[in-house]
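No lab work stands behind these numbers, since they all come straight from the coordinates. None of the values given here were measured: they were computed from a predicted structure. A quick note on method: Cβ atoms are made from the backbone with ideal geometry, for glycine too, and the neighbour counts reach across all protein chains shown.
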Ligand SMILES: NC(=O)c1ccc[n+]([C@@H]2O[C@H](COP(=O)([O-])OP(=O)(O)OC[C@H]3O[C@@H](n4cnc5c(N)ncnc54)[C@H](OP(=O)(O)O)[C@@H]3O)[C@@H](O)[C@H]2O)c1
């Protein structure tokens, strides 16, 4: 590997801009190449973020020996095939959330990555934010006692464009994979438990994808999670962890925030941990540290964590009757 990690981006759409901005930080690697099916989009992106090369095909980017690691930022439906191609080309890969559309695909990818000794991680960037470290510290200091309940919401009034990836089943749209994944992943993380009993309800749009999910997760230890995610209205978008001695509130937007409050009988503290750039730099640093250490998996955003969230989401989708084409 060259001294500075050389990143390649596949799919320079909306979120790829934020990722590329984070790569402009001093202490991370650099954007070396971008691949887009649209030559003009690729060139414009490369110019904007000072990438050396713009490829018109994903395969050409994967054939470039100077690319150390690939960030996949395409709609959900294409994550599996594109990540598979990266692994087959021997490229380390960070796949945007969700890693794939279901557990079965992620199990296959993880197995392939292990077989080929290639690094693979899902881009659940929230778990690397500095304020999440602070919240974990409060929890391990037993500030709120035993965790009993986690509640959260994630909702926006999303334009009702049936072709856009949010509502389009061919792109594996739906609110759960797009937004609810944060409610699921953060709850599983704070509960430190995977297996749970799931009850849910929701609304399915006429395109066949979920546009609202109302979910309860009940763990064998007697703790629980309740969340709502939806495409119809902007909710409060915070997350609260209730314990036997108090609670911790992660401020809106809980997946993209620098602020949390600890409230107990004796303390009422609000802490801010501002981002160095835009928040994506922390997952980037994690990937680069793993690559330098020769690791095939992050010890924080593990493969098991990805599978655990997908298992919950597979069950919720099955209960709501949301099935993607060719699934
Ligand atoms: N971490 C976060 O905070 C965050 C926020 C938003 C989204 N995301 C995730 O990021 C990923 C991309 O979301 P986005 O909103 O950025 O996507 P997007 O702008 O709709 O599309 C991104 C790229 O995917 C390719 N693409 C789009 N539509 C396609 C189609 N119909 N067929 C084949 N390829 C298509 C295009 O690549 P080409 O340039 O090659 O044409 C496009 O540039 C998703 O996994 C999403 O969940 C994460």
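How far is helix 130-140 tilted off the main Cα axis of the chain, in degrees rounded to 10, range 0 to 90? Its long axis makes an angle of about 40 degrees.
The tail of the calculated P(r) for the range 216-327 beyond 23 Å holds 54 percent of all Cα-Cα pairs.
Computed on the Cα atoms alone, the convex hull of the range 1-128 gives a volume of 102 cubic angstrom per residue. The Cα trace of the range 57-97 gives Rg and Dmax of 9.4, 27 Å, the first to one decimal, the second as a whole number. In terms of packing, defined here as the mean over residues of other Cβ atoms within 10 angstrom, the peptides 264-277, 139-152, 23-36 line up highest first as 23-36, 139-152, 264-277.
Determine, at each q value in 0.06, 0.07, 0.13, 0.16 (inverse angstroms), the log₁₀ of I(q)/I(0) that the Debye formula gives when each Cα of the chain is one equal point scatterer. Each listed q maps to, in turn, -0.20, -0.28, -0.98, -1.43. The gain in end-to-end length when the residue 204 to residue 39 segment is fully stretched comes to 55.8 nm, 0.36 nm per residue minus the alpha carbon separation. Which angle between 0 and 90 degrees, to the nearest 10, do you get for helix 103-115 versus the longest principal axis of the chain when only C-alpha atoms count? Tilt of helix 103-115: around 50 degrees. For the pair residue 269 and residue 300, label points projected 7 Å from Cα toward Cβ lie 2.0 nm apart.
Extension gain for residue 59 to residue 107 (0.36 nm times residue separation, less C-alpha to C-alpha distance): 14.9 nm. Report note on the peptides 209-222, 175-188: ranked by the mean count of other C-beta atoms within 10 Å, highest first, their order is 175-188, 209-222.
When only alpha carbons are used to place a centre, the range 7-56 and the range 160-186 end up 24 Å from one another. Find the percent of Cα-Cα distances in the range 59-158 that exceed 22 Å, and round it to a whole number. Result for the distance tail: 46 percent. Computed from label points 7 Å out along Cα-Cβ, the spacing between residue 116 and residue 163 is 3.3 nm.
For the chain, the longest principal axis of the Cα atoms and the long axis of helix 281-292 meet at an angle of about 60 degrees.
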